[in-house]
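The values are calculated or read from the model by the stated rules, or taken from the named source; none is laboratory data. Owing to the predicted nature of the structure, the values given are computational and were not obtained by experimental measurement. Ideal geometry is used to build each Cβ from the backbone, glycine not excepted, and the neighbour counts take in all protein chains shown. Side chains included, ligands, DNA and RNA excluded: accessible areas come from the protein's heavy atoms. Shrake-Rupley method; radii C 1.70, N 1.55, O 1.52, S 1.80 Å.
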Amino acid sequence: MEKLLAISRWIDACNERIGKLTSWLVLVMVIVGVWNVIGRYLGRITGRELSSNAYLEAQWYMFDLVFFLGAAYVLKHDEHVRVDIFYDQCSPKRKALINLLGTVLFLIPFCILIIIFSWDTVIYSWLDLEVSPDPGGLPRYPIKTLIPIAFLLLIFQGISETIKNLAILTNRLEPQEEHNDANL
C-alpha cells in the first residue's frame, strides 16, 4: 500500500502543479475579456478596430483550458459538485466507500468513453488543421487536443483518489488526512 500511496502522492503533485498554473489563466482571461469590452467601445469612438475575433476566441480557449485542466485539480481538492443530501451525514469510512464506488463505477468509465469518442474528432481536426470559420479566428485543433488530455488527467486523479479511499477503508490512512498531501 505504501507504493500505491507514493503513486497517489505523485499524481496529486502533478495535478496540483497543473491546477495552480492553470489558475493564472483566469486572470489572463479576465484581462483579455476586459480588453475586448474596452476595445469595442473605444473602437466605436475612434473609428478603429481595436478588438477582433481572435481575442474573443482566445478568451474562450482560456476558459476551455481552465475548465479542462482544472477538473483534476478540483477533484483532488474534493471541490466538485455533489448532489447527495446524505453524504455529509456519513462517517468518513462510508464517504470513502461512496467515493471509491463513484470513481470506479462512474468517473473512470465515463472518462474512458469520452477519450474513445473524442479521439477521431481530435485526429481529424489535426489532419485538417482545423481553424475557426470566423474571420481572424484561431486554430481549433490544439484546443480539441485538450479533450483527451483533460480526461486522462481526470482518470489519473481518479486512480489517486481510489488509492487514498482504499487506504482509508483498510485503515492505512486516517480519513481526516485524506486530502492533506503532507500526511500521505
Quick check for the chain: number of Lys pairs with alpha-carbon distance under 21 Å, counting only pairs 8 or more apart or on different chains? 8
19 Å cut-off, amide nitrogen to a point 7 angstrom out along residue 117 Cα→Cβ, residues in segment 132-159: 144-155
If exposed means no more than 16 neighbouring beta carbons inside 10 Å and the site is in a DSSP loop, what's the longest run of the chain without any exposed trypsin sites (Lys or Arg not before Pro)? 83-171
Nearest 10 degrees, 0 to 90: what angle lies between the long axis of helix 141-169 and the longest principal axis of the chain (Cα atoms)? 20 degrees
With every protein chain left in place, what is the accessible area of residue 118 in Å² (1.4 Å probe, nearest 10)? 10 Å²
Taking only DSSP H segments of four or more residues, each worth -39500 (n - 2.57), what value at 222 nm results for the chain once the sum is divided by all its residues, to the nearest 500 deg cm²/dmol? -25000 deg cm²/dmol
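Out of the GluC sites (Glu not before Pro) in segment 22-127, which ones are loop residues according to DSSP with at most 14 other C-beta atoms within 10 Å?
Answer by residue number: 49, 79.
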May I ask you to give the solvent-accessible area per residue for segment 39-184, in square angstrom, as obtained with a 1.4 angstrom probe? 62 Å²
Using the alpha-carbon centroid of each, what span in Å lies between segment 100-168 and segment 16-56? 26 Å
Contour minus end-to-end for residue 63 and residue 17, with contour as 0.36 nm per residue of separation and end-to-end as the Cα-Cα distance? 14.8 nm
